[in-house]
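The structure appears right after this line, and notes come after that.
Nothing in this text is a laboratory measurement; each read-out follows from the coordinates by a stated rule. Since the model is a prediction, treat every value here as computed from it, not as a measurement. Ideal geometry is used to build each Cβ from the backbone, glycine not excepted, and the neighbour counts take in all protein chains shown.
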Amino acid sequence: MKIIGLAFLTILSLYQTAAADDRLPIGEFSRNSLDGWEHKSFKGETLYRLQTIDGVTVLTADSHAAGSGLFREQRIDLAQTPFLNWSWRVGKRLPGLNEQSKAGDDYAARVYVVVKGGLAFWQTKAINYVWASNSQKDAVWPNAFAGEHAMMLALRGPEASLNVWQTEKRNVRDDFKRLFAEDIHNIDAVAIMTDTDNAGGDVSAIYGDIWFSKE
């Protein structure tokens, strides 16, 4: 088994020792499960599959000039479990994109959280945590299509190594305070998307388990 695979197995085993009441599962891909996840297509179909890599079941995504995602509707109390946790890796970048433009609004990987506005759809808000190809790490900008209703936050940028697992932990409540100047108590959905529909590229990504935690 490759060293990278051993490292990921070790990280996974450490995460699984956390107390059950401190962890709220959202994506249990390592259990070979997509329970609760639904598909949404914007243009074409990104291929999402559960596959075993280095002894661990993960979610793979392959996009060829397509933009579709997976989402899970679940109300999350950010007062109880404000931290969103996941791991991911990408195999290539999407060069030459202006990710702040509509023509370049493509990402090798993104995980986002959504607060629904109900009938007042204009009050819907989202944070997109993205693996950017050209924007620098920690850069923030409004989505080219949704404007300030959806803020983009580059957790990884062009400096990030390819084909290497990266683990993320975000305090979603704090991020909403910083990006929207609002204290959001609950979110309504979590989504994943690997998309290349605007510029017509090709990219692949892998997602590990996703969960919320108290700390």
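From least to most packed, judged by other beta carbons within 10 angstrom and beginning with the fewest, Ser63, Ser101 follow the order Ser101, Ser63.
Computed from point charges on the beta carbon alone (+1 for Lys and Arg, -1 for Asp and Glu), the dipole magnitude for the chain about its Cα centre is near 220 Debye.
Projecting the Cα atoms of Pro158, Val190, Ser68 onto the dipole axis of segment 3-213, where Lys and Arg carry +1 and Asp and Glu carry -1 at the beta carbon, places Pro158 farthest toward the positive end.
Each residue of segment 52-57 was assigned a 3J(HN,Hα) from its phi angle through the Karplus curve 6.51 cos²θ - 1.76 cosθ + 1.60 (θ = phi - 60°); the sequence is 9, 10, 6, x, 10, 7 Hz, with glycine and proline shown as x. Could you work out how far the C-alpha centroid of segment 141-205 sits from that of segment 78-107, in angstrom? Answer, in whole Å: 4. The loop-placed chymotrypsin sites (Phe, Trp or Tyr not before Pro) in segment 98-184, going by DSSP, that have at most 15 neighbouring Cβ atoms within 10 Å of their Cβ come out as Phe145.
Ordering Lys125, Lys116, Lys43 from the fewest to the most neighbouring beta carbons within 10 Å gives Lys43, Lys116, Lys125. Ordering Ala109, Ile210, Leu34 by the projection of their Cα atoms onto the charge dipole of segment 3-213, which places +1 on the Cβ of Lys and Arg and -1 on the Cβ of Asp and Glu, puts Ala109 at the extreme positive end. Placing +1 on the Cβ of every Lys and Arg and -1 on the Cβ of every Asp and Glu, with no other charges, gives segment 61-149 a dipole of roughly 140 debye about its Cα centre. Couplings for segment 83-92, taken from phi via the Karplus curve 6.51 cos²θ - 1.76 cosθ + 1.60 with θ = phi - 60°, read 9, 9, 10, 6, 10, 7, 7, 10, x, 7 Hz in order; Gly and Pro are left as x. The GNM of the chain, with springs linking C-alpha atoms under 10 angstrom apart, assigns the highest mean-square fluctuation among Val114, Val164, Val203 to Val164. Per residue of the chain, the DSSP helices (runs of n ≥ 4 H) give a summed -39500 (n - 2.57) that works out to -3500 deg cm²/dmol at 222 nm. For segment 94-100, backbone phi angles converted through the Karplus equation (6.51, -1.76, 1.60; θ = phi - 60°) give residue-by-residue couplings of 10, x, x, 8, 9, 5, 9 Hz, Gly and Pro being listed as x. Residue order for Thr194, Thr81, fewest other beta carbons within 10 angstrom first, comes to Thr81, Thr194.
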